[in-house]
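Enquirer: The following block contains the structure, expressed as structure tokens.
The values are calculated or read from the model by the stated rules, or taken from the named source; none is laboratory data. Just so it is clear, the structure is predicted and the values come from calculations on it, not from any experiment. Cβ placement follows ideal geometry from the backbone for every residue including glycine, while neighbour counts extend to all protein chains displayed. The accessibility values were calculated without ligands, DNA or RNA, using every heavy atom of the protein model including side chains. Shrake-Rupley method; radii C 1.70, N 1.55, O 1.52, S 1.80 Å.
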Amino acid sequence: MISSNAGNDPDASRVATLRELLATGKPVKMRKAIGELVLIPDDGTALALAARSESEAEVSSETLLRLWPRAADPDGFCAALLAPALVREGRTSIRLRRMTSPRWPRSPGSRTSASTAARASRT
């Protein structure tokens, strides 16, 4: 017998809870919800929901830069949230902190760097 967990998906229920926080229209609660939505590894629903509310929540590009290394989908995060925020603020450059390159965001506590990963892939 094949069973479905679609109704019991903890990520889906978390997205629903965060959607309610976004609906409050209060920037502080909305920023908190966006920060949690970008961490959810789903089919893109959470990231799309965060992107729709990002400008209304007044999330700064600096805040988004801090969230980027932890995002479940770093590329999607940049396209949907970070790039529009940079354009909105008129920023033409960013300073990467605790990252080896834009393609290799390091999570806190991670000791892997781009050069280490490159050496490992050659062996």
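Enquirer: Which condition number in (1) open to solvent by 80 Å² or more (accessible area, probe 1.4 Å); (2) at pLDDT below 85 is the one that ARG66 fails?
Expert: So the condition that ARG66 fails would be (2).
Enquirer: Could you count how many residues in segment 69-86 are within 22 Å of ALA16 (Cβ to Cβ) and either open to solvent by 40 Å² or more (accessible area, probe 1.4 Å) or without any contact (Cβ under 8 Å) to a residue 40 or more places away in the chain (or both)?
Expert: Let us first name the residues in segment 69-86 that are within 22 Å of ALA16 (Cβ to Cβ), namely 70-73, 76-77, 80-81.
This time we only want the ones that are either open to solvent by 40 Å² or more (accessible area, probe 1.4 Å) or without any contact (Cβ under 8 Å) to a residue 40 or more places away in the chain (or both), so: 70-73, 76-77, 80.
Total meeting the criteria: 7.
Enquirer: Right, another one. Does segment 32-52 hold any residues that are in a helix (DSSP H, G or I) and either of a type in the set (A, V, I, L, M, F, W, C) or surrounded by 20 or more Cβ atoms within 10 Å (Cβ to Cβ) (or both), and which are they?
Expert: First pass over segment 32-52, keeping only residues in a helix (DSSP H, G or I): 32-37, 45-52.
Result: ALA33, ILE34, LEU37, ALA46, LEU47, ALA48, LEU49, ALA50, ALA51.
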